[in-house]
Amino acid sequence: GIGYQATVLRAAEEVENALVNYVRERQRVGHLEKTVDASRRSVELSGKRYIGGDVTFQRVLDSQRSLLVSQDLLALSQANVALNLIALYRALGGGWQLPAVGPVVEELPDFPAAPPDALELPTPNQALPD
């Protein structure tokens with residue numbers, strides 16, 4: 001009857017939604033892994049440029065902060081992949097109960113920008129003030 005068809009359609013929709021969420025989050029993990037790799041290279045490069053006297057230490061700190069944010073987002077996305085996979089198994093009839101942990105986290109909040117008068121450490125080639 002109509003009730004059975006509605007139940008089947010609802011179940012099919014749950015499976016489709018869970019599958020789409022899982023695939024999208026897996027893709028996001030791939031993009032975030034590339035972002036983390038690029039951030040690591042940036043930290044390394046800014047450290048070398050600081051040693052060479054080309055940038056301030058603030059630049060090194062900024063690149064390290066960017067790396068940490070990228071790593072945090074990657075870890076959250078990896079957790080979301082696991083939660084989405086559980087939801088997919090459940091939609092396919094696995095029968096597992098999802099823990100009541102609240103909504104899946106989308107993103108970390110932005111870190112506040114450094115104030116304009118932030119202390120900049122001298123580069124190695126600059127003389128320290130007396």
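Things worth noting here:
- Amide H contacts under 5 Å for Val55, placed H, 5+ residues apart: Tyr50
- Per-residue Karplus couplings for segment 74-79, computed as 6.51 cos²θ - 1.76 cosθ + 1.60 with θ equal to phi - 60°, are listed in order as 5, 4, 5, 5, 5, 5 Hz, Gly and Pro entered as x.
- Net lengthening on full extension, Leu45/Glu33 (0.36 nm per residue, minus Cα-Cα): 2.5 nm
- The heavy atoms of Leu61 present about 70 square angstrom of accessible area, all protein chains included, probe 1.4 Å.
- Prolate is the label for segment 19-70, because a/c, from the alpha-carbon gyration tensor with a ≥ b ≥ c as root eigenvalues, is 1.5 or above and a/b exceeds b/c.
- Alpha carbon centroid spacing (whole Å) that separates segment 45-99 from segment 1-36: 22
The values are calculated or read from the model by the stated rules, or taken from the named source; none is laboratory data. Please read all numbers here as calculations on a predicted model, not as lab measurements. Note: areas computed on protein heavy atoms with side chains; ligands, DNA, RNA excluded. Shrake-Rupley method; radii C 1.70, N 1.55, O 1.52, S 1.80 Å.
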